[in-house]
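Report on one structure; see the data block that follows.
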Amino acid sequence: MMAKSDLTKLAGAIIFFAVLQWFMTVLAAETLFPGYSSRANDLSDLASTVPPNISLVQPSAMLFNLTTFLFGLLIIASFLLIRRVCKKRLFTTLLAISGLAAMGVGVFPGDTGVIHGLVALAWFVTAPLSAIAAYGFLKKPFAYFSVAIGAFALIVLISVFSLGQSSPFLLFGRGGEERMIVYPVVLWTGAFAGYLMNSPSEE
């Protein structure tokens, strides 16, 4: 049986690979999408824009769907390890749901309509909440950063729904506003991976 520290390190390595492959593949998909704008386009536009104006560009669509599905799958794999060493059930549950939601985004691109919106919203909600819920599992000062990052992403999300076109984050465009939700949490996930991989080994 693996020691708890080994389980933690393995979970961190899995999460780190998840984040690295996602960022690199998304960047590749953006370069292969003619006229794509990080200001004007949502991240999921790489897979397909939403009805009624559906635009699907290959290989960007395939790359985005595969990398996002893999990201979620690897988060689930890490959850199966983390739950064996972490007693914070709220955190591990939210982490697992965020992984499932990311997989859903990979399976249901924008042209699937409402179901895409639901799985994307589930990801946008549970990923920041998992960062906040990790507070009790992490040591300070990283615990403080986790809460701040999760809260910031949720503030942007709430602003999108409550203020609409009056949201101050629209200063960065529709795509920039969405990235204010996604990127901080994905970057936190990468930092969380480093935290896990640096956990002390058992004597």
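The values are calculated or read from the model by the stated rules, or taken from the named source; none is laboratory data. All of these numbers come straight from a predicted model, not from anything done at the bench. Positions of Cβ are generated from backbone atoms using ideal geometry, with glycine treated the same way; all protein chains shown enter the neighbour counts. All accessible areas refer to the heavy atoms of the entire protein, side chains included, with ligands and DNA or RNA removed. Shrake-Rupley method; radii C 1.70, N 1.55, O 1.52, S 1.80 Å.
Where Lys and Arg each count +1 and Asp and Glu each count -1, what net charge lies around MET62 among other residues with Cβ under 15 Å from its Cβ?
-3
With angles folded into 0 to 90 degrees, how steeply does helix 173-197 sit against the dominant principal axis of the chain? Use alpha carbons for both and round to 10.
The angle comes out near 20 degrees.
Once you have the Cα-Cα distance between ARG84 and LEU20, take 0.36 nm times their residue separation minus that, and quote the gain in nm to one decimal.
Contour length minus Cα-Cα distance gives 20.6 nm.
Any number yet on Rg/Rh for the stretch 93-179, C-alpha, Kirkwood?
That ratio is 1.02, to two decimals.
Please grab the % of Cα pairs in the stretch 39-101 that end up more than 18 Å from each other.
Tail fraction, whole percent: 50.
How far, in nm, would the chain grow between LEU171 and SER5 when pulled straight, counting 0.36 nm per residue and subtracting the alpha carbon separation?
Extending this stretch completely gives an extra 55.3 nm.
From the P(r) of the stretch 128-191, could you give the percentage of C-alpha pairs in the tail past 14 Å?
54 percent
Can you pull the accessible area of ILE155 for me, 1.4 Å probe, Å² to the nearest 10?
100 Å²
With every protein chain kept in the model, how would you rank VAL85, VAL185 by accessible area, 1.4 Å probe, largest at the top?
Final ranking, largest accessible area leading: VAL85, VAL185.
Compare ALA120, ALA28, ALA11 in a GNM of the chain, Cα atoms joined below 10 Å, and give the one with the largest fluctuation.
The residue with the greatest mean-square fluctuation here is ALA28.
Give the Debye-formula value of log10 I(q)/I(0) at each listed q (0.21 Å⁻¹), with one equal scatterer per alpha carbon of the stretch 1-124, two decimals each.
One equal scatterer on each Cα of the stretch 1-124 leads to -1.11.
Note down the nm distance, to one decimal, between modelled labels 7 Å out along Cα→Cβ at SER199 and at VAL107.
My value for the distance between the label points is 2.8 nm.
If you place +1 on the Cβ of every Lys and Arg, -1 on the Cβ of every Asp and Glu, and leave all else neutral, what size is the dipole of the stretch 113-203 about its Cα centre, to the nearest 20 Debye?
Dipole of the stretch 113-203, to the nearest 20 debye: 200 debye.
Tally Lys and Arg at +1 and Asp and Glu at -1 over the other residues with C-beta under 13 Å from the C-beta of PHE161: what net charge comes out?
That sum, taken over residues with Cβ under 13 Å, equals -2.
Determine how large the accessible area of GLU30 is when every protein chain is in place; take a 1.4 Å probe and give Å² rounded to the nearest 10.
Accessible area, nearest 10 Å²: 40 Å².
With N set to the residue count of the stretch 45-203, report its C-alpha Rg divided by 2.2 N^0.38 Å to two decimal places.
1.09
When the helix-only estimate is applied to the chain (DSSP H runs of n ≥ 4, each -39,500 (n - 2.57), divided by the residue count), what is the mean residue ellipticity at 222 nm, nearest 500 deg cm²/dmol?
Computed ellipticity for the chain at 222 nm equals -23500 deg cm²/dmol.
For Cα pairs less than 8 Å apart in space and 6+ apart in sequence, what is the mean separation divided by the residue count of the chain, i.e. the relative contact order in percent?
Relative contact order, the chain: 29 percent.
How far is the Cα center of the stretch 1-67 from the Cα center of the stretch 112-191, in Å?
16 Å
Determine the per residue accessible area of the chain with all protein chains present and a 1.4 angstrom probe, expressed in square angstrom.
49 Å²
Nearest 10 degrees, 0 to 90: what angle lies between the long axis of helix 89-107 and the longest principal axis of the chain (Cα atoms)?
On a 0 to 90 degree scale, this one is about 30.
I'd like the orientation of helix 4-31 relative to the chain: the angle between its Cα long axis and the longest Cα principal axis, in ° from 0 to 90, rounded to 10.
That helix lies at roughly 20 degrees to the long axis.
Only Cα pairs within less than 10 Å get springs; with that Gaussian network setup on the chain, which residue of ALA77, ALA101, ALA193 has the largest fluctuation?
Maximum fluctuation in the GNM of the chain, among the listed residues, is at ALA77.
Which one, LEU32, SER60, LEU157, is farthest towards the positive end of the dipole of the chain when Lys and Arg carry +1 and Asp and Glu -1 on their Cβ?
Among LEU32, SER60, LEU157, the one farthest towards the positive end of the dipole of the chain is LEU157.
Could you tell me what percent of the accessible area of the chain is made up of carbon and sulfur, with a 1.4 Å probe and every protein chain present?
Its accessible area is 71 percent carbon and sulfur atoms.
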